[in-house]
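S.K.: What follows is a structure written as structure tokens; I'll ask about it next.
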Amino acid sequence: MGYIEEYKSKLVSPEEAVKVVKSGDWLDYGSFNGQVRALDEALAKRKDELEDVKIWTCVNPYPTKVNEVDPIGDSFVWMSWHTSGADRKIAKTGKPVYYSSIKYSELPRYVRERIEPLDVAMLQVCPIDKHGFFNFGPQVTHSRAVCDRAKVIMVEVNEHQPRCLGGYEEKVHISEVDFIVESNLPLTQIPAPPVGDIDKKIAEYIISEMSDGSCVQLGIGGIPNAVGMMIAESDLKDLSCHTEMLVDAYVYMDMAGKMTGKYKGIDPGKLVYTFALGTKMLYDFIDDNPKCAAYPVDYTNEPYIASRNEKLMTINNAIEIDIYGQCCSESHGTRHISGTGGQLDFVLAGWLSKGGKSFVASPAANYKDGKAVSSRIVPTLTTGAIVTDPRSVADYIVTEFGMYAMKGMSVWQRAEGLINIAHPDFRDDLVKAATAQGIWKKTNKIS
């Protein structure tokens, strides 16, 4: 049977496909822009027939019908490897959003070895190619592991998905697929956040540590975006990309001629990533682009692989940092915000890379109407706050008031260095707290 006939034989309506789902099943809904939508709507219609269907997702980008029709969670249990703004909206309604803590580079192994076997995998994919493969689009991440773990595989074909060249594990063959549905809905677009004056100042400190030939990893948020945009306008040259998340800023850097990749230790000339989120400009850029290589996350984020690129510069955000150097980037106290994601992976990789550096950046304070109302550098992390980067791992901490490298520093040196880059309005209180905690030294100098 040729691929055309096989395709036709497996093509069904979303309503027909989800009939295979039973109460108590474990499902995977796909990740990022690869999360299913037509299948979600069809499954939601079966709410009264089902109970305790557990659904895995990762960075849910869409309002989901299964959560809209089941606000309690009796029929559909929502599970996430990394929560999103859409997930936080679900949680505000009172429905539980169950997060699983991860080190992102390890996620494919969790899926293959640790989680309950998946009864059904649902993934949004590109149209079939002439060889019978469905490309996963810009969310390679752990998609192949999901297929390997599932008893039933159904794909939701979307012509808007960019075809992302690998790498490896970027596709699934029609012979492995049980059901095919079609749903050509536009992808979520996430414009880059506006770059403010504080972002620019922090970015200036980080860029001052870079040199020609650096390899750039950008995390999510305003500060990493500011770094990328300012690199595009800088005099730096022959830069490269090995990252978890590909964002619009990389397109601007490439358009400016910065991303030659000629000095990369691995994948020379390639912009390497595991998922992409941005605007249509980004999706058009990566579509069938041989300069880009999409890999599974256990390749992109594995520190010993990423660090084979010399002068790897990793830039990520934090919510708060204590004077011991512990970084929280995923919660406000016990209120969960996002997840560990790949930040820890790339903090480790930056240190391991020859000539590399890892930067964890944050505004020095929380601001309201232009006024600093509370410090983001704190005596101790807020009760219940999650330590994303342990003090033994984090290195360069950056605020708009400066930068401090912590590796090898004693407790009192760290306190001194971090207080000196805290907002001036809060430095005296931080000194008092450090004294009360017994980590001070009489000769400490605070600017």
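S.K.: Looking at the stretch 134-176 only, could you name the residues that are in a loop (DSSP other than H, G, I, E, B) and more than 20 Å from Pro296 (Cα to Cα)? Talk me through it step by step, then tell me what you get.
M.R.: Step one: of the stretch 134-176, the residues in a loop (DSSP other than H, G, I, E, B) are 136-138, 140-142, 158-165, 167-170.
Selection gives Asn158, Glu159, His160.
S.K.: Quick check: anything in the stretch 14-31 touching a strand residue (DSSP E or B) at 6+ places or on another chain (Cβ under 7 Å), surrounded by 15 or more Cβ atoms within 10 Å (Cβ to Cβ) and part of a loop (DSSP other than H, G, I, E, B)?
M.R.: Within the stretch 14-31, one or more residues are touching a strand residue (DSSP E or B) at 6+ places or on another chain (Cβ under 7 Å), surrounded by 15 or more Cβ atoms within 10 Å (Cβ to Cβ) and part of a loop (DSSP other than H, G, I, E, B).
S.K.: Need the failing condition index for Ser329 against (1) modelled with pLDDT under 95; (2) within 21 Å of Ala226 (Cβ to Cβ), just the number.
M.R.: (1)
S.K.: OK, next. Mind checking which residues of the stretch 162-173 are at pLDDT 95 or above and either surrounded by fewer than 20 Cβ atoms within 10 Å (Cβ to Cβ) or under 15 Å from Leu246 (Cα atoms) (or both)? Reasoning before the result, please.
M.R.: First pass over the stretch 162-173, keeping only residues at pLDDT 95 or above: 162-165, 168-173.
Those that are at pLDDT 95 or above and either surrounded by fewer than 20 Cβ atoms within 10 Å (Cβ to Cβ) or under 15 Å from Leu246 (Cα atoms) (or both): Pro162, Arg163, Cys164, Leu165, Tyr168, His173.
S.K.: Hey, another quick one. Please verify whether Gln189 is in contact (Cβ under 8 Å) with a residue 60 or more places away in the chain and not assigned by TED's automatic domain parsing to the domain that holds Arg376, treating the condition exactly as stated.
M.R.: Working: in contact (Cβ under 8 Å) with a residue 60 or more places away in the chain: yes; not assigned by TED's automatic domain parsing to the domain that holds Arg376: yes.
Yes, satisfied.
S.K.: For the stretch 42-65, which positions are more than 24 Å from Gly341 (Cβ to Cβ) and either within 25 Å of the chain's Cα centre (by Cα) or of a type in the set (Gly, Ala, Ser) (or both)?
M.R.: Residues of the stretch 42-65 that are more than 24 Å from Gly341 (Cβ to Cβ), as a first pass: 42-53, 65.
Ala42, Ala44, Lys65 - these are the residues of the stretch 42-65 that are more than 24 Å from Gly341 (Cβ to Cβ) and either within 25 Å of the chain's Cα centre (by Cα) or of a type in the set (Gly, Ala, Ser) (or both).
S.K.: Within the stretch 66-83, restricting attention to residues that are part of a loop (DSSP other than H, G, I, E, B) and under 27 Å from the mean Cα position of the chain (by Cα), which residue is surrounded by the fewest Cβ atoms within 10 Å (Cβ to Cβ)? I'd like the intermediate steps shown before the answer.
M.R.: Quick first cut of the stretch 66-83, residues part of a loop (DSSP other than H, G, I, E, B) only: 70-75, 81-83.
When the remaining residues are screened for being under 27 Å from the mean Cα position of the chain (by Cα), the result is 71, 73, 81-83.
Details: Pro71: 11, Gly73: 18, Trp81: 22, His82: 24, Thr83: 23.
Among those that are part of a loop (DSSP other than H, G, I, E, B) and under 27 Å from the mean Cα position of the chain (by Cα), it is Pro71.
S.K.: So which residues in the stretch 348-385 are of a type in the set (A, V, I, L, M), within 15 Å of Ala318 (Cα to Cα) and surrounded by fewer than 24 Cβ atoms within 10 Å (Cβ to Cβ)?
M.R.: Initially, the stretch 348-385 is screened for residues of a type in the set (A, V, I, L, M), giving 348-349, 352, 360-361, 364-365, 372-373, 377-378, 381, 385.
Checking which are within 15 Å of Ala318 (Cα to Cα) leaves us with 360-361, 364-365, 377-378, 381, 385.
Result: Ala365, Val378, Leu381, Ala385.
S.K.: Can you list residue pairs whose Cβ atoms sit under 6 Å apart, with the first residue in the stretch 288-303 being outside the structural domain of Ser105 (by TED's automatic domain parsing) and the second being small (Gly, Ala, Ser) and surrounded by fewer than 19 Cβ atoms within 10 Å (Cβ to Cβ)? Count only pairs 6 or more apart in sequence or on different chains.
M.R.: Correct list of pairs: Ala294/Gly166.
S.K.: Follow-up. For the stretch 89-110, enumerate the residues that are of a type in the set (Lys, Arg) and over 16 Å from the mean Cα position of the chain (by Cα).
M.R.: In the first step, residues of the stretch 89-110 are kept if they are of a type in the set (Lys, Arg); the result is 89, 92, 95, 103, 109.
Matches in the stretch 89-110: Lys89, Lys92, Lys95, Arg109.
S.K.: In contact (Cβ under 8 Å) with a residue 12 or more places away in the chain and under 26 Å from Ile305 (Cβ atoms): which single residue out of Pro127, Pro96, Pro108 fits that description?
M.R.: Details: Pro127 fails: under 26 Å from Ile305 (Cβ atoms); Pro96 fails: under 26 Å from Ile305 (Cβ atoms).
Of the residues listed, the single one that is in contact (Cβ under 8 Å) with a residue 12 or more places away in the chain and under 26 Å from Ile305 (Cβ atoms) is Pro108.
S.K.: Sort through Gly166, Gly85, Gly137, Gly73 and tell me the only one that's of a type outside the set (A, V, I, L, M, F, W, C) and either assigned by TED's automatic domain parsing to the domain that holds Cys292 or touching a strand residue (DSSP E or B) at 6+ places or on another chain (Cβ under 6 Å) (or both). Lay out the reasoning, then the answer.
M.R.: On the way: Gly85 fails: either assigned by TED's automatic domain parsing to the domain that holds Cys292 or touching a strand residue (DSSP E or B) at 6+ places or on another chain (Cβ under 6 Å) (or both); Gly137 fails: either assigned by TED's automatic domain parsing to the domain that holds Cys292 or touching a strand residue (DSSP E or B) at 6+ places or on another chain (Cβ under 6 Å) (or both); Gly73 fails: either assigned by TED's automatic domain parsing to the domain that holds Cys292 or touching a strand residue (DSSP E or B) at 6+ places or on another chain (Cβ under 6 Å) (or both).
Checking each option against the conditions leaves just Gly166.
Yes or no, residue by residue, for (1) of a type in the set (Ser, Thr, Tyr); (2) under 23 Å from Cys241 (Cβ atoms); (3) outside the structural domain of Met210 (by TED's automatic domain parsing):
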| site | (1), (2), (3) |
| --- | --- |
| Gly342 | no, yes, no |
| Ala349 | no, yes, no |
| Asn366 | no, no, no |
| Thr383 | yes, no, no |
| Asp389 | no, yes, no |
| Ala422 | no, no, no |
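S.K.: Moving to a separate point now. Looking only at the stretch 295-339, which residues are in a helix (DSSP H, G or I), of a type outside the set (D, E, K, R) and closer than 25 Å to Ser80 by Cβ?
M.R.: Within the stretch 295-339, the first condition is being in a helix (DSSP H, G or I), and the residues that meet it are 297-300, 303-306.
Filter once more, keeping what is of a type outside the set (D, E, K, R): 297, 299-300, 303-306.
Of everything in the stretch 295-339, those that are in a helix (DSSP H, G or I), of a type outside the set (D, E, K, R) and closer than 25 Å to Ser80 by Cβ turn out to be Val297, Tyr299, Thr300, Pro303, Ala306.
S.K.: From the list Lys445, Lys371, Lys432, which residue is outside the structural domain of Val227 (by TED's automatic domain parsing) and more than 28 Å from Ser105 (Cβ to Cβ)?
M.R.: Numbers: Lys371 fails: outside the structural domain of Val227 (by TED's automatic domain parsing); Lys432 fails: outside the structural domain of Val227 (by TED's automatic domain parsing).
Result of the check over Lys445, Lys371, Lys432: Lys445.
S.K.: What do you reckon, is Pro390 within 27 Å of Val172 (Cβ to Cβ), modelled with pLDDT of 95 or more and surrounded by fewer than 22 Cβ atoms within 10 Å (Cβ to Cβ)? Don't jump to the end; show me each part of the working.
M.R.: Working: within 27 Å of Val172 (Cβ to Cβ): no; modelled with pLDDT of 95 or more: yes; surrounded by fewer than 22 Cβ atoms within 10 Å (Cβ to Cβ): yes.
No, not satisfied.
The values are calculated or read from the model by the stated rules, or taken from the named source; none is laboratory data. Just so it is clear, the model here is predicted, and its values are computed rather than measured. So basically every Cβ, Gly included, is an ideal-geometry build from the backbone, and we count neighbours across all protein chains shown.
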